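What follows is a single structure, written as structure tokens, with notes after it.
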Amino acid sequence: IFPCIFQAILIFCWVYVRKYQSRRESEVISTITAIFALAVALITSALLPVDIFLVSYMKNQNGTFKVWADANVSRQIEDTVLYGYYTLYSIILFCVFLWIPFVYFYYEEKEEDDGNTCSQVKTALKYTLGFITICAALLLIGAFVPLDIPNKKNSTEWEKVKLLFEEFGSSHGLTALSFSISSLTVIGMLAAITYTAYGMSALPLNLIKGTTSASYERLENTEDIEEVEQHLLRIKSKCRDGRPLSSRDRRTLQQLEERLRTLRRRERHLESIEKSWWTKFCEAIRPLKIVWGVFFIIVALLFTVSLFLSNLDKALHSAGFDSGFIILGTNLTNPLNMLLPVLQRVFPLDYILITTIVMYFIFTSMAGIRNMGIWFFWIRLYKIRRGKTRPQALLFLCMILLLIVLHTSYMIYSLAPQYVMYGSQKYLVQCWKLSDSHLFKWGVIVATCSQLGNIFRSLLYVILFSFNLDQCIVTRTYLFLHKFWFFSAAYYFGNWAFIAVFLIGLIVSCCKGKKSVIEGEVDDDDSDVSDDELSVYYQ
């Protein structure tokens, strides 16, 4: 099944990139880089449900390990998943800090200078060297800056340095990679706040509201063309007797001519869309789009309410900022935490839900980037348009998606922390009751590992209990999430910002009217030659 999934991901990435890239400016190297980076993003996001499934599949419903899942086999499975994370996260570091910047600067240099390829490569490497330096600094900080420094007054400097190398060797590079990935995850958090939060509100409402009619827009556009042409005739009539136009009239004339060219391009696009079979097909499946829009908005509200209650629980019951707002168990339940234990009873509904949420998070991020474009603070760098997206914009899009995917794991962890740690595992608790100063065995309880903290609190003052911590196998995802408490604190505040941006985007999307059927496809700075790039989509 995994080769089929991999092939499906590659086909989707190829179709997506080819759909949006410009035909006139497409380059083989940028196209391959965009497809590869997008595929890595989707494969990495799919690893979380696989990780949760594997730790759960090794145990029976009565809390015992399956016959084949002995200590060696379970360790091999854990190591395999861990090596999968090592590989994918290393590839992400390679793409973000080396390959994508190199291709981006190479293409930028190629546009400015069509001469020597060697000089273009040298210039691209020079700018990429800055990204490599940042990556190396993050790896060194994560590798040699310990979180827990033993307080030994008599220890020498050599012993302290030796301790650093011993900790680095014992972690097998996990801490260094985790610090680098966590640093990128903070940037991904900012991207998710900007793009994903807006996409979660805009995508469902756009599906529900639909677009305006092509024939109606064409009628309005024809009226605008006639109005602009009449205005042009009035201005040109002022110079029929040989008198020169004033500077104000010349500026107005130039603006009206540019406006007329844009309206005529819109007329050509609207005419193509009105006659295309794709428009007729979209009109036929309009009820299905409304159903999908309603489903997506329900998922978005479920996601947001669960995230709010989870963050509120941390605010009320965690140890505070110094602990990264981490809590053991759940005090305020949320809809997702309530739904997952119920779905665990019917295999594989809980995994389908987690996979749906992860994929929804990714596709709403893609929708948010597509609708907003690429921004640097208040400056709009690139637009994402069908058949007209520049290679640099596609590279930026894929880099942003890579960063958002890194933040996806923590977002899911925030919604259902115990489930992400343990999945649907069960474990056995040996219960002992204290009576007349004597202990006697009270019974054995089969409990869910995801409710471990709550079991502790409920049994602590009634009975004594004992169990082996090895009964609950932690997912490998968790090892990358909470190595550094200050990152967890940043994610906590980022969740509040995510909720706020989602609510603002929801209000804005509700107040906006229907989108144009050619939304973002015709701009004033487009050339007439670029009109041919979209014609292939509307035949």
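The values are calculated or read from the model by the stated rules, or taken from the named source; none is laboratory data. These numbers were taken from a predicted model, which means no experiment stands behind them. Positions of Cβ are backbone-derived with ideal geometry, glycine not excepted, and every protein chain shown enters the neighbour counts. Just so you know, the surface numbers come from the protein's heavy atoms only, side chains and all, with ligands and any DNA or RNA stripped out. Shrake-Rupley method; radii C 1.70, N 1.55, O 1.52, S 1.80 Å.
Some values worked out for this structure:
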{"read-out": "Some residue of segment 59-81 being in the same structural domain as L402 (by the TED database), modelled with pLDDT of 80 or more and within 27 Å of the chain's Cα centre (by Cα)", "value": "yes"}
{"read-out": "Subset of segment 3-28 that is in a helix (DSSP H, G or I) and among the hydroxyl-bearing types (S, T, Y) - its residue that is nearest to I43 (Cα to Cα)", "value": "Y16"}
{"read-out": "Test: residue in segment 374-382 that is farther than 20 Å from V186 by Cβ, open to solvent by 30 Å² or more (accessible area, probe 1.4 Å) and touching a residue at least 60 places away in the same chain (Cβ under 8 Å)", "value": "no"}
{"read-out": "Leading residue by the ranking (nearest to I499 (Cα to Cα)) among those in segment 328-372 that are in contact with a Pro (Cβ under 8 Å, 6 or more places away or on another chain) and among the hydrophobic types (A, V, I, L, M, F, W, C)", "value": "V358"}
{"read-out": "Odd one out for W485, checked against (1) at pLDDT 60 or above; (2) open to solvent by less than 20 Å² (accessible area, probe 1.4 Å); (3) in contact with a Gly (Cβ under 7 Å, 6 or more places away or on another chain)", "value": "(2)"}
{"read-out": "Y538 being open to solvent by less than 60 Å² (accessible area, probe 1.4 Å) and modelled with pLDDT under 50", "value": "yes"}
{"read-out": "Unique match (being without any contact (Cβ under 8 Å) to a residue 12 or more places away in the chain, in contact with a helix residue (DSSP H, G or I) (Cβ under 7 Å, 6 or more places away or on another chain) and of a type outside the set (S, T, N, Q)) among L353, L260, L349", "value": "L349"}
{"read-out": "Scan of segment 265-300 for residues that are among the β-branched types (V, I, T) and over 15 Å from S215 (Cβ atoms), ordered by number", "value": "I285, I290, V291, V294, I297, I298, V299"}
{"read-out": "Residue in segment 40-60 that is of a type in the set (V, I, T) and more than 26 Å from S178 (Cβ to Cβ) present", "value": "no"}
{"read-out": "Residue list for segment 317-373, filter: surrounded by 17 or more Cβ atoms within 10 Å (Cβ to Cβ) and acidic (D, E)", "value": "D350"}
{"read-out": "Selection status of V50, in a helix (DSSP H, G or I), free of Cβ contacts under 8 Å to residues at least 12 places away in the same chain, open to solvent by 40 Å² or more (accessible area, probe 1.4 Å) and assigned by the TED database to the domain that holds I352", "value": "no"}
{"read-out": "Hey, Y89 without any contact (Cβ under 8 Å) to a residue 12 or more places away in the chain and in the same structural domain as I354 (by the TED database) or not", "value": "no"}
{"read-out": "Residue in segment 324-332 that is in a helix (DSSP H, G or I) and in the same structural domain as K59 (by the TED database) present", "value": "no"}
